[in-house]
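Take a look at the structure set out below.
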Amino acid sequence: MIEIFADIGYVILVINLILFSKGFSKFGKAFRIFTLYTGVMFIIQMVSWLLKCLSINNLFLSHFYFIIQFIILSFFYITILTEEYQKKIVKIGLALGLSALGIQYAINKDAFYSFNLFEIFITSFLLIIYATLYFYNLLNEKRKFYYINMGILIYLFGSTVLFLAGNLVATLVSKTNRITWILNAFLYIVYQLFVWIEWQKNFSHKKPEEAL
């Protein structure tokens, strides 16, 4: 079942990448940044899948996944947040987060070869803060990127708990292990469905000037 859920998530990811690529040059900077993020995540997922098929350890790719996701989505939120103090929060969070991770890896190079709990927490926690700030703004603004933001928030809340248990999972019985990763794969499907809904609701039938 893990493989089935993972494959469904990959299929929806590919569909979203194709759809968003169609509007890459039409719907503004934030749209382009999120399309870039979708493309990079697709590449990481496919490389991870290929390494798994070749029975090669792909754990190290998790670090690229979390850090690149953190960087690109930080720029996404810098673009869509409207208040200057909110943009400053994101910029400071990005600088502090990357600095903290850089120091950690410089001190403990072995962290690259295991689930880095601090990396998972700091990148996800900061993105959750940014997503919450954006929801606050939506109380008085047009609901642009509402579904994407909802998907990010749901996925990060759920997957962070699962990934933080990553080191523990390795010591658990296989049945519990499978349940954990099935839940994570399901959350990813939900996330990608929210991205697809965003396209359908706010971009698929609109001219560029209407979607901005």
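The values are calculated or read from the model by the stated rules, or taken from the named source; none is laboratory data. Everything numeric in this text was worked out from a predicted model, so none of it was measured. Here the Cβ positions follow ideal geometry from the backbone for every residue, glycine too, while neighbour counts run over all protein chains shown. Calculation scope for accessible area: heavy atoms of the full protein, side chains included, ligands and nucleic acids excluded. Shrake-Rupley method; radii C 1.70, N 1.55, O 1.52, S 1.80 Å.
Residues are listed down the side, and each one gets a yes or a no for (1) in contact with a Leu (Cβ under 8 Å, 6 or more places away or on another chain); (2) among the hydroxyl-bearing types (S, T, Y):
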{"site": "E3", "(1), (2)": "no, no"}
{"site": "A6", "(1), (2)": "no, no"}
{"site": "I15", "(1), (2)": "no, no"}
{"site": "F20", "(1), (2)": "no, no"}
{"site": "I33", "(1), (2)": "no, no"}
{"site": "G39", "(1), (2)": "yes, no"}
{"site": "V47", "(1), (2)": "yes, no"}
{"site": "L50", "(1), (2)": "no, no"}
{"site": "S55", "(1), (2)": "no, yes"}
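If you check N137 against the conditions, is it touching a helix residue (DSSP H, G or I) at 6+ places or on another chain (Cβ under 9 Å), under 25 Å from W196 (Cβ atoms) and modelled with pLDDT under 95? Outline the logic, then answer.
Details: touching a helix residue (DSSP H, G or I) at 6+ places or on another chain (Cβ under 9 Å): yes; under 25 Å from W196 (Cβ atoms): yes; modelled with pLDDT under 95: yes.
Yes, satisfied.
Pairs, please: C-beta under 8 Å, at least 6 apart or cross-chain, first residue polar (S, T, N, Q) and in region 133-156, second part of a helix (DSSP H, G or I) and open to solvent by less than 50 Å² (accessible area, probe 1.4 Å)?
Going by the 8 Å Cβ cut-off, the qualifying pairs are N137/Q86; N149/A131; N149/Y134; N149/F135.
Taking only region 40-58 into account, find how many residues are over 22 Å from A95 (Cα atoms), surrounded by 15 or more Cβ atoms within 10 Å (Cβ to Cβ) and within 17 Å of the chain's Cα centre (by Cα).
4
Could you please let me know if F31 is over 21 Å from W199 (Cα atoms), part of a helix (DSSP H, G or I), of a type outside the set (V, I, T) and at pLDDT 95 or above? Spell out how you get there, then give the answer.
Working: over 21 Å from W199 (Cα atoms): no; part of a helix (DSSP H, G or I): yes; of a type outside the set (V, I, T): yes; at pLDDT 95 or above: yes.
In short, no.
Filter the helices (runs of 4 or more DSSP H) completely within region 59-151 down to those with at least 1 residues that are surrounded by 14 or more Cβ atoms within 10 Å (Cβ to Cβ) and of a type in the set (D, E, K, R). Step through it out loud before you land on a result.
Working: elements: 61-80, 84-107, 117-137.
Counting at least 1 such residues, we get 84-107, 117-137.
Under the condition of being surrounded by fewer than 18 Cβ atoms within 10 Å (Cβ to Cβ) and within 23 Å of F70 (Cβ to Cβ), which residue from region 18-28 is modelled with the highest pLDDT? Don't jump to the end; show me each part of the working.
So the first thing to find is which residues in region 18-28 are surrounded by fewer than 18 Cβ atoms within 10 Å (Cβ to Cβ), and the list is 18, 21-22, 24-26, 28.
Subset that is within 23 Å of F70 (Cβ to Cβ): 21, 24, 28.
Values: S21: 95, F24: 86, G28: 91.
Applying the filter and picking the extreme gives S21.
What are the residues in region 3-28 that are free of Cβ contacts under 8 Å to residues at least 40 places away in the same chain and part of a helix (DSSP H, G or I), if any? Quick ask: steps written out before the conclusion?
The initial filter retains those residues of region 3-28 that are free of Cβ contacts under 8 Å to residues at least 40 places away in the same chain, namely 3-4, 7, 10-11, 14, 17-18, 21-22, 24-25.
Selection gives E3, I4, D7, Y10, V11, V14, L17, I18, S21, K22.
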